[in-house]
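Novice: Here it is, the structure in full.
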Amino acid sequence: MSLLDRVPRYVRELIPYPPGKPIEEVEREYGIADSVKLASNECPIGPSPKGVEAARKALSKLNIYPDGSGYYLKKHLSEKLGMSDENFILGNGSNEIIELIIRTFIKEGDEAVMGDPAFVVYQLITKGAGGKALAVPLLDYTHDLKAMAAAVTERTKIVFVANPNNPTGTIVDRKEMETFFEAVPDDVLMVFDEAYFEYASGSDEYQDAMAYIESRPNVIVLRTFSKAYGLAGLRVGYGIASPGLISMLERVRQPFNVNSPALAAAVAALDDEEHLNRALEVNREGMAWLEGELEKAGFEVVKSFANFILFDARMNAAELYEALLRKGVIVRPMGAYGMEEHIRVTVGLPEENTRFIEALNQAAA
Ligand SMILES: Cc1ncc(COP(=O)(O)O)c(C=O)c1O
(Lines give C-alpha, C1' and ligand atoms only; values in the text may rest on other atoms or scores of the structure.)
Protein backbone atom coordinates (compact mmCIF):
# COMPACT_ATOMS: atom_id res chain seq x y z
CA MET A 1 0.00 0.00 0.00
CA SER A 2 1.42 3.41 -0.95
CA LEU A 3 1.43 6.42 1.32
CA LEU A 4 -1.33 8.14 -0.65
CA ASP A 5 -3.48 5.02 -0.51
CA ARG A 6 -3.44 5.37 3.24
CA VAL A 7 -5.25 8.74 3.02
CA PRO A 8 -8.81 7.99 4.18
CA ARG A 9 -11.20 7.27 1.33
CA TYR A 10 -13.44 10.16 2.34
CA VAL A 11 -10.52 12.58 1.90
CA ARG A 12 -9.34 11.08 -1.41
CA GLU A 13 -12.84 11.41 -2.82
CA LEU A 14 -13.06 15.14 -2.11
CA ILE A 15 -12.70 17.61 -4.95
CA PRO A 16 -10.41 20.46 -3.83
CA TYR A 17 -12.05 23.89 -3.67
CA PRO A 18 -11.03 25.56 -6.95
CA PRO A 19 -9.22 28.78 -6.05
CA GLY A 20 -9.63 31.68 -8.50
CA LYS A 21 -6.50 32.93 -10.24
CA PRO A 22 -4.97 36.24 -9.11
CA ILE A 23 -6.64 39.05 -10.98
CA GLU A 24 -3.31 40.07 -12.58
CA GLU A 25 -2.95 36.58 -14.10
CA VAL A 26 -6.48 36.66 -15.49
CA GLU A 27 -5.79 40.05 -17.06
CA ARG A 28 -2.56 38.79 -18.64
CA GLU A 29 -4.22 35.62 -19.94
CA TYR A 30 -7.14 37.46 -21.51
CA GLY A 31 -5.16 40.52 -22.64
CA ILE A 32 -7.39 42.87 -20.64
CA ALA A 33 -6.72 45.71 -18.22
CA ASP A 34 -8.71 47.47 -15.49
CA SER A 35 -10.92 44.48 -14.91
CA VAL A 36 -13.57 44.58 -12.20
CA LYS A 37 -13.95 41.64 -9.84
CA LEU A 38 -17.51 41.07 -8.72
CA ALA A 39 -17.02 37.41 -7.88
CA SER A 40 -16.27 36.97 -4.18
CA ASN A 41 -18.76 39.16 -2.30
CA GLU A 42 -16.03 41.50 -1.11
CA CYS A 43 -16.52 45.04 0.15
CA PRO A 44 -16.14 47.38 -2.86
CA ILE A 45 -15.31 50.53 -0.90
CA GLY A 46 -12.18 48.95 0.57
CA PRO A 47 -11.29 48.13 4.16
CA SER A 48 -12.23 50.21 7.18
CA PRO A 49 -9.53 52.94 7.30
CA LYS A 50 -9.47 52.74 11.09
CA GLY A 51 -8.91 48.99 10.77
CA VAL A 52 -6.05 49.53 8.34
CA GLU A 53 -4.40 52.04 10.66
CA ALA A 54 -4.67 49.66 13.63
CA ALA A 55 -3.26 46.77 11.58
CA ARG A 56 -0.37 48.98 10.47
CA LYS A 57 0.46 49.79 14.08
CA ALA A 58 0.36 46.09 14.95
CA LEU A 59 2.99 45.37 12.28
CA SER A 60 5.76 46.84 14.44
CA LYS A 61 5.13 44.02 16.93
CA LEU A 62 5.16 41.12 14.49
CA ASN A 63 7.99 39.50 16.48
CA ILE A 64 5.47 38.84 19.27
CA TYR A 65 2.85 36.06 19.09
CA PRO A 66 -0.72 37.31 18.93
CA ASP A 67 -2.92 37.43 22.02
CA GLY A 68 -4.23 33.88 21.84
CA SER A 69 -7.26 34.75 23.95
CA GLY A 70 -8.35 37.61 21.69
CA TYR A 71 -9.02 39.52 24.90
CA TYR A 72 -9.65 43.00 23.49
CA LEU A 73 -11.70 41.86 20.52
CA LYS A 74 -13.92 39.68 22.71
CA LYS A 75 -14.34 42.57 25.17
CA HIS A 76 -15.32 44.89 22.34
CA LEU A 77 -17.73 42.41 20.82
CA SER A 78 -19.35 41.56 24.16
CA GLU A 79 -19.92 45.23 24.96
CA LYS A 80 -21.33 45.92 21.50
CA LEU A 81 -23.63 42.91 21.48
CA GLY A 82 -24.58 42.85 25.16
CA MET A 83 -23.09 39.43 25.85
CA SER A 84 -20.20 38.23 27.98
CA ASP A 85 -16.67 37.37 26.81
CA GLU A 86 -17.35 33.66 27.38
CA ASN A 87 -19.99 33.76 24.66
CA PHE A 88 -17.37 34.30 21.91
CA ILE A 89 -14.89 32.27 19.93
CA LEU A 90 -12.63 33.92 17.35
CA GLY A 91 -11.55 32.32 14.11
CA ASN A 92 -9.29 32.72 11.10
CA GLY A 93 -12.33 33.91 9.20
CA SER A 94 -15.71 32.43 10.10
CA ASN A 95 -14.60 29.57 7.84
CA GLU A 96 -12.31 28.37 10.59
CA ILE A 97 -15.17 28.33 13.07
CA ILE A 98 -17.17 26.13 10.69
CA GLU A 99 -14.17 23.81 10.72
CA LEU A 100 -13.85 23.88 14.52
CA ILE A 101 -17.55 23.06 14.87
CA ILE A 102 -17.27 20.09 12.54
CA ARG A 103 -14.06 18.86 14.16
CA THR A 104 -15.71 19.07 17.56
CA PHE A 105 -18.88 17.18 16.66
CA ILE A 106 -18.47 15.01 13.58
CA LYS A 107 -16.80 11.64 13.52
CA GLU A 108 -16.93 9.11 10.67
CA GLY A 109 -20.52 8.26 9.81
CA ASP A 110 -22.10 11.24 11.56
CA GLU A 111 -24.33 13.58 9.59
CA ALA A 112 -24.74 17.29 9.05
CA VAL A 113 -27.78 18.82 7.34
CA MET A 114 -27.44 21.85 5.09
CA GLY A 115 -29.25 23.60 2.24
CA ASP A 116 -28.55 22.86 -1.42
CA PRO A 117 -27.19 25.12 -2.69
CA ALA A 118 -25.72 26.83 0.34
CA PHE A 119 -22.20 27.84 1.33
CA VAL A 120 -20.06 24.98 -0.08
CA VAL A 121 -17.69 24.85 2.89
CA TYR A 122 -20.28 23.06 5.08
CA GLN A 123 -20.30 20.05 2.74
CA LEU A 124 -16.58 20.13 2.05
CA ILE A 125 -15.49 20.04 5.68
CA THR A 126 -18.19 17.62 6.78
CA LYS A 127 -17.07 15.13 4.13
CA GLY A 128 -13.41 15.77 4.94
CA ALA A 129 -14.11 14.68 8.51
CA GLY A 130 -15.70 11.43 7.30
CA GLY A 131 -19.18 12.77 7.90
CA LYS A 132 -22.21 12.56 5.64
CA ALA A 133 -23.59 15.79 4.18
CA LEU A 134 -27.37 15.70 3.91
CA ALA A 135 -28.00 18.46 1.39
CA VAL A 136 -31.66 19.50 1.36
CA PRO A 137 -32.83 21.28 -1.83
CA LEU A 138 -33.89 24.90 -1.41
CA LEU A 139 -37.51 25.80 -2.00
CA ASP A 140 -37.93 28.87 -4.18
CA TYR A 141 -34.24 29.74 -3.63
CA THR A 142 -34.76 29.71 0.16
CA HIS A 143 -33.83 27.24 2.89
CA ASP A 144 -36.66 24.73 3.26
CA LEU A 145 -36.58 24.61 7.07
CA LYS A 146 -39.41 22.11 7.29
CA ALA A 147 -37.61 19.65 5.02
CA MET A 148 -34.31 20.31 6.81
CA ALA A 149 -35.85 19.50 10.19
CA ALA A 150 -37.40 16.36 8.67
CA ALA A 151 -33.97 15.29 7.34
CA VAL A 152 -32.52 15.09 10.86
CA THR A 153 -31.85 11.51 11.99
CA GLU A 154 -30.30 9.89 15.08
CA ARG A 155 -26.89 10.38 13.48
CA THR A 156 -27.34 14.08 12.73
CA LYS A 157 -25.11 16.28 14.88
CA ILE A 158 -25.32 19.64 13.08
CA VAL A 159 -27.76 21.66 11.00
CA PHE A 160 -26.34 24.59 9.03
CA VAL A 161 -28.51 27.55 8.05
CA ALA A 162 -26.83 30.35 6.09
CA ASN A 163 -28.98 33.40 6.77
CA PRO A 164 -28.70 35.22 4.38
CA ASN A 165 -27.74 32.31 2.20
CA ASN A 166 -24.86 32.24 -0.25
CA PRO A 167 -25.27 31.95 -3.28
CA THR A 168 -28.95 32.98 -3.25
CA GLY A 169 -28.96 35.99 -0.87
CA THR A 170 -32.29 34.85 0.59
CA ILE A 171 -33.28 34.86 4.28
CA VAL A 172 -35.45 32.49 6.28
CA ASP A 173 -38.94 33.45 7.35
CA ARG A 174 -39.25 34.48 11.02
CA LYS A 175 -42.25 32.25 11.75
CA GLU A 176 -40.69 29.26 10.01
CA MET A 177 -37.58 29.82 12.08
CA GLU A 178 -39.62 29.55 15.30
CA THR A 179 -41.15 26.27 14.13
CA PHE A 180 -37.70 25.04 13.14
CA PHE A 181 -36.36 25.66 16.64
CA GLU A 182 -39.14 23.52 18.04
CA ALA A 183 -38.70 20.77 15.45
CA VAL A 184 -34.94 20.24 15.74
CA PRO A 185 -33.94 18.13 18.78
CA ASP A 186 -32.01 19.85 21.58
CA ASP A 187 -28.99 17.61 21.06
CA VAL A 188 -28.46 18.79 17.47
CA LEU A 189 -26.28 21.87 17.02
CA MET A 190 -27.97 24.63 15.01
CA VAL A 191 -25.47 26.82 13.19
CA PHE A 192 -26.79 30.15 11.95
CA ASP A 193 -24.18 31.50 9.57
CA GLU A 194 -24.74 35.26 9.49
CA ALA A 195 -21.73 36.27 7.38
CA TYR A 196 -23.97 38.87 5.67
CA PHE A 197 -25.73 39.99 8.86
CA GLU A 198 -24.85 43.68 8.53
CA TYR A 199 -26.51 43.93 5.11
CA ALA A 200 -29.64 42.04 6.12
CA SER A 201 -30.17 43.59 9.53
CA GLY A 202 -31.58 46.79 8.02
CA SER A 203 -34.62 44.88 6.80
CA ASP A 204 -37.77 44.39 8.92
CA GLU A 205 -38.16 40.92 7.47
CA TYR A 206 -34.81 39.73 8.84
CA GLN A 207 -34.57 37.81 12.09
CA ASP A 208 -31.05 37.08 13.31
CA ALA A 209 -30.47 34.20 15.71
CA MET A 210 -28.72 36.13 18.50
CA ALA A 211 -31.94 36.33 20.49
CA TYR A 212 -32.05 32.52 20.80
CA ILE A 213 -28.58 32.00 22.25
CA GLU A 214 -29.55 32.73 25.83
CA SER A 215 -32.37 30.18 25.93
CA ARG A 216 -30.93 27.58 23.57
CA PRO A 217 -27.53 26.07 24.30
CA ASN A 218 -27.61 24.25 20.94
CA VAL A 219 -27.47 27.47 18.87
CA ILE A 220 -24.34 29.15 17.51
CA VAL A 221 -24.26 32.31 15.40
CA LEU A 222 -21.33 32.97 13.04
CA ARG A 223 -20.32 36.42 11.87
CA THR A 224 -17.33 37.89 10.06
CA PHE A 225 -15.23 40.97 9.42
CA SER A 226 -14.71 39.84 5.81
CA LYS A 227 -17.81 41.39 4.29
CA ALA A 228 -19.24 44.77 5.41
CA TYR A 229 -16.07 45.66 7.38
CA GLY A 230 -13.89 44.94 4.35
CA LEU A 231 -11.23 42.87 6.13
CA ALA A 232 -11.45 39.62 4.11
CA GLY A 233 -7.69 39.52 3.53
CA LEU A 234 -6.91 39.51 7.24
CA ARG A 235 -9.16 36.52 8.04
CA VAL A 236 -11.14 37.19 11.17
CA GLY A 237 -14.59 36.01 12.17
CA TYR A 238 -16.39 35.01 15.35
CA GLY A 239 -18.92 32.64 16.82
CA ILE A 240 -21.47 33.50 19.53
CA ALA A 241 -22.96 30.75 21.70
CA SER A 242 -23.47 29.54 25.25
CA PRO A 243 -20.24 29.34 27.31
CA GLY A 244 -20.50 25.53 27.50
CA LEU A 245 -20.54 25.13 23.75
CA ILE A 246 -17.80 27.73 23.25
CA SER A 247 -15.56 25.88 25.70
CA MET A 248 -15.91 22.68 23.64
CA LEU A 249 -14.88 24.50 20.46
CA GLU A 250 -11.97 26.12 22.31
CA ARG A 251 -10.56 22.64 22.95
CA VAL A 252 -9.81 22.09 19.25
CA ARG A 253 -8.70 25.64 18.42
CA GLN A 254 -5.03 26.34 17.75
CA PRO A 255 -3.59 28.75 20.33
CA PHE A 256 -2.71 31.56 17.89
CA ASN A 257 -5.33 31.08 15.19
CA VAL A 258 -6.05 34.80 14.62
CA ASN A 259 -3.04 36.97 13.80
CA SER A 260 -2.26 40.23 15.59
CA PRO A 261 -2.92 42.71 12.74
CA ALA A 262 -6.30 41.02 12.26
CA LEU A 263 -7.19 41.29 15.96
CA ALA A 264 -6.19 44.95 16.06
CA ALA A 265 -7.98 45.80 12.82
CA ALA A 266 -11.19 44.09 13.92
CA VAL A 267 -11.33 46.06 17.18
CA ALA A 268 -10.86 49.34 15.32
CA ALA A 269 -13.28 48.41 12.53
CA LEU A 270 -16.04 47.73 15.05
CA ASP A 271 -15.86 51.40 16.02
CA ASP A 272 -15.64 52.65 12.45
CA GLU A 273 -19.30 53.44 11.99
CA GLU A 274 -18.60 55.83 9.16
CA HIS A 275 -17.05 53.07 7.04
CA LEU A 276 -19.76 50.57 7.91
CA ASN A 277 -22.55 53.00 7.10
CA ARG A 278 -20.94 53.91 3.80
CA ALA A 279 -20.46 50.22 2.92
CA LEU A 280 -24.14 49.58 3.62
CA GLU A 281 -25.26 52.67 1.71
CA VAL A 282 -23.17 51.85 -1.37
CA ASN A 283 -24.58 48.32 -1.24
CA ARG A 284 -28.17 49.45 -0.85
CA GLU A 285 -27.98 51.84 -3.78
CA GLY A 286 -25.95 49.46 -5.96
CA MET A 287 -28.32 46.59 -5.22
CA ALA A 288 -31.41 48.62 -6.16
CA TRP A 289 -29.78 49.84 -9.37
CA LEU A 290 -28.53 46.40 -10.41
CA GLU A 291 -31.88 44.75 -9.66
CA GLY A 292 -33.61 47.36 -11.79
CA GLU A 293 -31.18 47.01 -14.69
CA LEU A 294 -31.26 43.21 -14.63
CA GLU A 295 -35.04 43.17 -14.58
CA LYS A 296 -35.16 45.76 -17.35
CA ALA A 297 -33.01 43.41 -19.42
CA GLY A 298 -35.53 40.62 -18.74
CA PHE A 299 -33.57 38.51 -16.26
CA GLU A 300 -35.22 36.82 -13.29
CA VAL A 301 -33.54 38.20 -10.17
CA VAL A 302 -33.60 36.51 -6.76
CA LYS A 303 -34.44 39.04 -4.03
CA SER A 304 -31.21 39.43 -2.05
CA PHE A 305 -30.56 40.55 1.52
CA ALA A 306 -26.77 40.36 1.16
CA ASN A 307 -24.15 42.11 -1.01
CA PHE A 308 -24.62 40.04 -4.15
CA ILE A 309 -27.35 39.08 -6.58
CA LEU A 310 -28.19 35.72 -8.11
CA PHE A 311 -29.97 35.84 -11.45
CA ASP A 312 -31.14 33.44 -14.10
CA ALA A 313 -29.12 34.26 -17.21
CA ARG A 314 -31.28 31.98 -19.41
CA MET A 315 -28.13 30.79 -21.15
CA ASN A 316 -25.12 28.67 -20.23
CA ALA A 317 -23.62 30.54 -17.30
CA ALA A 318 -20.09 29.23 -17.92
CA GLU A 319 -20.18 30.64 -21.46
CA LEU A 320 -21.60 33.93 -20.26
CA TYR A 321 -18.90 34.07 -17.59
CA GLU A 322 -16.23 33.65 -20.28
CA ALA A 323 -17.79 36.35 -22.44
CA LEU A 324 -17.90 38.76 -19.49
CA LEU A 325 -14.35 37.90 -18.57
CA ARG A 326 -13.18 38.86 -22.04
CA LYS A 327 -14.77 42.25 -21.40
CA GLY A 328 -12.93 42.55 -18.10
CA VAL A 329 -15.80 41.73 -15.74
CA ILE A 330 -15.34 38.80 -13.37
CA VAL A 331 -18.49 37.22 -11.91
CA ARG A 332 -19.30 33.76 -10.52
CA PRO A 333 -21.04 31.17 -12.71
CA MET A 334 -23.12 28.80 -10.60
CA GLY A 335 -22.56 25.51 -12.46
CA ALA A 336 -20.58 24.14 -9.51
CA TYR A 337 -23.73 24.69 -7.41
CA GLY A 338 -25.86 22.78 -9.87
CA MET A 339 -27.34 25.93 -11.41
CA GLU A 340 -26.07 25.83 -14.97
CA GLU A 341 -27.81 29.03 -16.06
CA HIS A 342 -27.34 31.22 -13.01
CA ILE A 343 -24.75 33.90 -12.33
CA ARG A 344 -23.90 35.44 -8.96
CA VAL A 345 -22.64 38.99 -9.09
CA THR A 346 -21.34 41.02 -6.16
CA VAL A 347 -22.66 44.57 -5.78
CA GLY A 348 -19.73 46.86 -6.59
CA LEU A 349 -19.09 50.58 -6.84
CA PRO A 350 -21.46 52.46 -9.19
CA GLU A 351 -18.90 52.48 -12.01
CA GLU A 352 -18.23 48.75 -11.56
CA ASN A 353 -21.94 47.97 -11.63
CA THR A 354 -22.26 50.00 -14.82
CA ARG A 355 -19.33 48.13 -16.42
CA PHE A 356 -21.03 44.83 -15.53
CA ILE A 357 -24.42 45.80 -16.93
CA GLU A 358 -22.90 47.15 -20.16
CA ALA A 359 -20.81 43.99 -20.61
CA LEU A 360 -23.80 41.79 -19.81
CA ASN A 361 -26.09 43.56 -22.25
CA GLN A 362 -23.49 43.13 -24.99
CA ALA A 363 -22.64 39.53 -24.10
CA ALA A 364 -26.23 38.36 -23.77
CA ALA A 365 -27.49 40.23 -26.86
C1 LIG B 1 -22.34 32.20 3.97
C2 LIG B 1 -20.89 32.42 4.22
N3 LIG B 1 -20.38 32.01 5.38
C4 LIG B 1 -19.08 32.17 5.67
C5 LIG B 1 -18.23 32.77 4.78
C6 LIG B 1 -16.78 32.83 5.14
O7 LIG B 1 -16.33 34.06 5.45
P8 LIG B 1 -14.95 34.29 6.18
O9 LIG B 1 -14.26 32.97 6.38
O10 LIG B 1 -14.19 35.19 5.29
O11 LIG B 1 -15.31 34.91 7.49
C12 LIG B 1 -18.70 33.21 3.54
C13 LIG B 1 -17.79 33.81 2.56
O14 LIG B 1 -18.05 34.03 1.44
C15 LIG B 1 -20.07 33.02 3.26
O16 LIG B 1 -20.59 33.40 2.09
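Novice: Structure shown: which of Lys57/Lys227; Lys50/Lys74; Lys74/Lys107; Lys21/Lys57; Lys50/Lys303 lie over 26 Å apart, alpha-carbon to alpha-carbon? List each step's numbers first, then the result.
Specialist: Numbers: Lys57/Lys227 22 Å; Lys50/Lys74 18 Å; Lys74/Lys107 30 Å; Lys21/Lys57 30 Å; Lys50/Lys303 32 Å.
With Cα atoms farther than 26 Å apart: Lys74/Lys107; Lys21/Lys57; Lys50/Lys303.
Novice: Using the beta-carbon distance between Glu274 and Glu295 and R0 = 22 Å, what value does 1/(1 + (r/R0)^6) give for FRET efficiency, to the nearest 0.05? Could the numbers behind the result be given before it?
Specialist: Details: r = 32 Å, r/R0 = 1.46.
For Glu274 and Glu295, the calculated efficiency is 0.10.
Novice: Next up: Taking all protein chains as present, what is the carbon and sulfur share of the accessible area of region 62-271, in % to the nearest whole number, probe 1.4 Å? Can you show the working numbers first?
Specialist: Numbers: 4420 of 8400 Å².
Answer for region 62-271: carbon and sulfur cover 53 percent of the accessible area.
Novice: Could you sort Asp193, Asp34 by their accessible area in this structure, using a 1.4 Å probe and putting the largest first?
Specialist: Result of the area sort, largest leading: Asp34, Asp193.
Novice: Give me the percent relative contact order of the chain, please, defined on Cα pairs under 8 angstrom at least 6 residues apart. Provide the component values of the computation, followed by the final result.
Specialist: On the way: 684 pairs, mean separation 85.8, N = 365.
Here the relative contact order equals 23 percent.
Novice: May I ask for log10 I(q)/I(0) of region 74-167 at q = 0.16, 0.20 Å⁻¹, from a Debye sum over the Cα atoms as equal point scatterers with solvent left out?
Specialist: Listed by q, the Debye log ratios stand at -0.72, -0.96.
Novice: Let me ask something additional. Determine, from the Cβ-Cβ distance of Arg314 and Glu25 and an R0 of 35 Å, the FRET efficiency 1/(1 + (r/R0)^6), rounded to the nearest 0.05. Please report the intermediate quantities before stating the final value.
Specialist: Values: r = 30 Å, r/R0 = 0.87.
Working from the Cβ atoms, E equals 0.70.
Novice: When the label point is put 7 Å from the Cα of Met248 along its Cα-to-beta-carbon vector, which residues of region 173-216 have a backbone N closer than 16 Å?
Specialist: Inside the label zone: 184-192, 213-216.
Novice: Working only with C-alpha atoms, what are the Rg and Dmax values of region 213-261, expressed in angstrom?
Specialist: Calculated on Cα positions, Rg and Dmax stand at 12.6, 35 Å.
Novice: Something else now. Restricting to bridges with both residues inside the chain, how much of the DSSP beta-bridge set is antiparallel, in percent to the nearest 5?
Specialist: 45
Novice: While we're here: Run the 1.4 Å probe and let me know the accessible area of Ser2, rounded to the nearest 10 Å².
Specialist: Surface open to solvent at Ser2 totals about 60 Å².
Novice: Shifting gears a bit: Per DSSP H run of at least 4 residues, take -39500 (n - 2.57); add these up for the chain, divide by its residues and hand me the 222 nm value, nearest 500 deg cm²/dmol. Walk me through the numbers on the way to the answer.
Specialist: Values: 14 runs with 143 residues, N = 365.
Dividing the helical sum by the residues of the chain leaves -11500 deg cm²/dmol.
Novice: Here is a follow-up. Sum up the charges of everything whose Cβ sits under 15 Å from the Cβ of Phe88, counting Lys and Arg as +1 and Asp and Glu as -1, but leave Phe88 out. Present the calculation step by step, with values, prior to reporting the outcome.
Specialist: Details: positive: Lys74, Lys75, Lys80, Arg223, Arg253; negative: Asp67, Glu79, Asp85, Glu86, Glu96, Glu194, Glu214, Glu250.
Overall, the nearby charge balance is -3.
Novice: Follow-up question, since we're still on this one. What percent does the relative contact order of region 30-161 come to when contacts are Cα pairs within less than 8 Å and at least six residues apart? It would help to have the intermediate numbers written out before the result.
Specialist: Numbers: 119 pairs, mean separation 24.5, N = 132.
For region 30-161, the relative contact order is 19 percent.
Novice: Further, regarding this structure: Along the Cα→Cβ direction, 7 angstrom out, place labels at Thr153 and Leu349. What is the inter-label distance in nm?
Specialist: 5.2
Novice: If you don't mind, another one. Summarise the long-distance tail of P(r) for region 203-338 by giving the % of C-alpha pairs beyond 18 Å. Kindly include the intermediate steps, with their values, before the conclusion.
Specialist: On the way: 6543 of 9180 pairs.
Looking at region 203-338, the distances longer than 18 Å represent 71 percent of pairs.
Novice: Residues of region 146-235: accessible area per residue at 1.4 Å, in Å²?
Specialist: Averaged over the residues of region 146-235, the accessible area is 38 Å².
Novice: Which FRET efficiency value, to the nearest 0.05, do you get for Arg174 and Ser2 by plugging their Cβ-Cβ distance into 1/(1 + (r/R0)^6) with R0 = 45 Å? Mind dumping the intermediate values first?
Specialist: On the way: r = 54 Å, r/R0 = 1.20.
Here the calculated transfer efficiency is 0.25.
Novice: Could you give the accessible area per residue of region 248-322, probe 1.4 Å, as a whole number in Å²?
Specialist: On the way: 3470 Å² over 75 residues.
Averaged over the residues of region 248-322, the accessible area is 46 Å².
Novice: What is the antiparallel percent of DSSP beta bridges lying wholly in region 62-271, to the nearest 5? Walk me through the numbers on the way to the answer.
Specialist: Details: 9 of 27 bridges.
Expressed as a percentage, antiparallel bridges in region 62-271 total about 35.
Novice: Ok, one more. Report the residues of region 156-180 in range of a label on Arg216: point 7 Å along Cα→C-beta, backbone N strictly under 18 Å from it.
Specialist: 156-165, 171-180, by backbone N distance to the label point.
Novice: Another question, if that's okay. Suppose the Debye formula is applied to equal point scatterers at every Cα of region 62-271; what is log10 I(q)/I(0) at q = 0.07, 0.12, 0.14 Å⁻¹?
Specialist: Here log10 of I(q) over I(0) equals -0.19, -0.58, -0.80.
Novice: Given q = 0.14 Å⁻¹, what are the Debye log10 I(q)/I(0) values for the chain, with equal point scatterers placed on the Cα positions and solvent ignored?
Specialist: Each listed q maps to, in turn, -1.28.
The values are calculated or read from the model by the stated rules, or taken from the named source; none is laboratory data. It should be emphasised that the depicted structure is a prediction, and the values quoted were computed from it without experimental measurement. For neighbour counting, all protein chains shown are included, and Cβ atoms are generated from backbone atoms with ideal geometry for every residue, glycine included. Quick note on the areas: whole protein, heavy atoms, side chains included, nothing else; ligands and nucleic acids left out. Shrake-Rupley method; radii C 1.70, N 1.55, O 1.52, S 1.80 Å.
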